[in-house]
Amino acid sequence: MLGTGILMSAPGLAKLAHNDIDELSALEPVGFNHLPNLTTIRMAHAILHKADTRGKADHGWLKSFHSFSFANYYNPERMHFGVLRVLNDDHVEAGMGFGTHPHDNMEIISIPLEGDLEHKDSMGNVAVIKNGDVQVMSAGSGITHSEYNKNQSSAVKFLQIWVFPNKRNVTPRYDQITLRAADRHNQLQQIVSPNPNDAGVWIHQNAWFHLGAFDAGKTTAYAVKAKENGVYAFILKGRVTINGQELNTRDGLGVWDTAELQISAQEDSEFLLMDVPMAL
């Protein structure tokens, strides 16, 4: 138990503590700067990560904020939230990107916020994703891939999210969809689920993601999908109150042992809800 309602086995803890994330290993130690912050605000059945307490990496061409331990950013209080392992807020300069590198047994979701991100992988997929798209890659038994900023004159910004799967060594899989922005205006738009026939992309995990773009003063309620799940909310922009807790741009709030979230936009706001199992 890590003090956040998160359960994991001792072998799993050892693996996470080693923190051998392969995404940036080739870049270390040259040009790597991380600013670990230990400020974690704990409440009954909730944990608050303020935007300025995230880990930070600056490689020049890549600037990344880490909500959870990643690469050289290690914080024992921020290893994961249930099966949500990585939430990186990435900024990649024009024409730059991540060279070919491997992954296995991880569900990887990318959500572009600005610009165009080019993807190539060992399954033969070549694609460009942009704001309004969602990409999923089930690494399964093993894949290699690369990600590059398609543009030569402007940066690309995207969220990179890793979720532990509920099945190991599955056949690797790639998918992407384009969302309708109108479907999240003052309502919650499902973008990830466990069901291939449901809205959004699907992953090998009992998890649901929703995006919302709410006008100031609008409210909604979110019913947690499974009793064993918690919800990690990440504010893309604006000011939102969730279950009485005020959150600002890039703040994160994890809540568990609750059936419903009450959400109110204090100003025009966009946010992501990640409803995930709390036990690995």
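Where a number appears in this text, it was derived from the coordinates with a stated rule and is not lab data. What you see is a predicted model; the values in this text were computed from it and never measured. Quick reminder, even Gly has a Cβ in these numbers, built from the backbone with ideal geometry, and neighbours come from all protein chains shown.
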| note | Taking a crude spin-label model, label points 7 Å out from Cα along the C-beta direction, the residue 42 to residue 268 distance in nm is 4.0
| query | Over all Cα pairs of the chain, how is the pair count split among 10 Å bins, expressed in % and running from 0 up to the last occupied bin? | reply | 7, 30, 40, 21, 2
| Inter-label distance for residue 241 and residue 141, nm, one decimal - labels placed 7 Å from Cα along Cα-to-Cβ | 5.3
| task | In debye, nearest 20, what is the charge dipole magnitude of the stretch 181-277 about its Cα centre with +1 on Lys and Arg Cβ and -1 on Asp and Glu Cβ, if you could check? | result | 80
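Starting from the Kirkwood Rh over alpha-carbon pairs, what translational D in µm² s⁻¹ does the stretch 181-277 have by Stokes-Einstein at 20 °C and 1.002 mPa s?
It comes out at roughly 161 µm²/s.
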| message | How high is the relative contact order of the stretch 181-277? Use alpha-carbon pairs under 8 Å, at least six apart in sequence, and give a whole percent. | response | 32
| field | Computed over the chain: relative contact order in percent, which uses C-alpha pairs under 8 Å that are six or more apart | value | 17
| note | In debye to the nearest 20, the charge dipole size for the chain, taken about the Cα centre with +1 at each Lys and Arg Cβ and -1 at each Asp and Glu Cβ, equals 340
| task | In nm, give the distance between the simple-model label positions of residue 127 and residue 216, each being 7 Å from the Cα along the Cα-to-Cβ direction. | result | 3.8
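Per DSSP H run of at least 4 residues, take -39500 (n - 2.57); add these up for the chain, divide by its residues and hand me the 222 nm value, nearest 500 deg cm²/dmol.
That calculation yields -1000 deg cm²/dmol at 222 nm.
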| message | Could you tell me which residue out of 129, 193, 212 lies farthest along the dipole of the chain toward its positive end? Charges go on the beta carbon: Lys and Arg +1, Asp and Glu -1, centred on the Cα centre. | response | 193
| message | Ratio of alpha-carbon Rg to the 2.2 N^0.38 Å globular estimate for the stretch 204-245, to two decimals, please. | response | 1.31
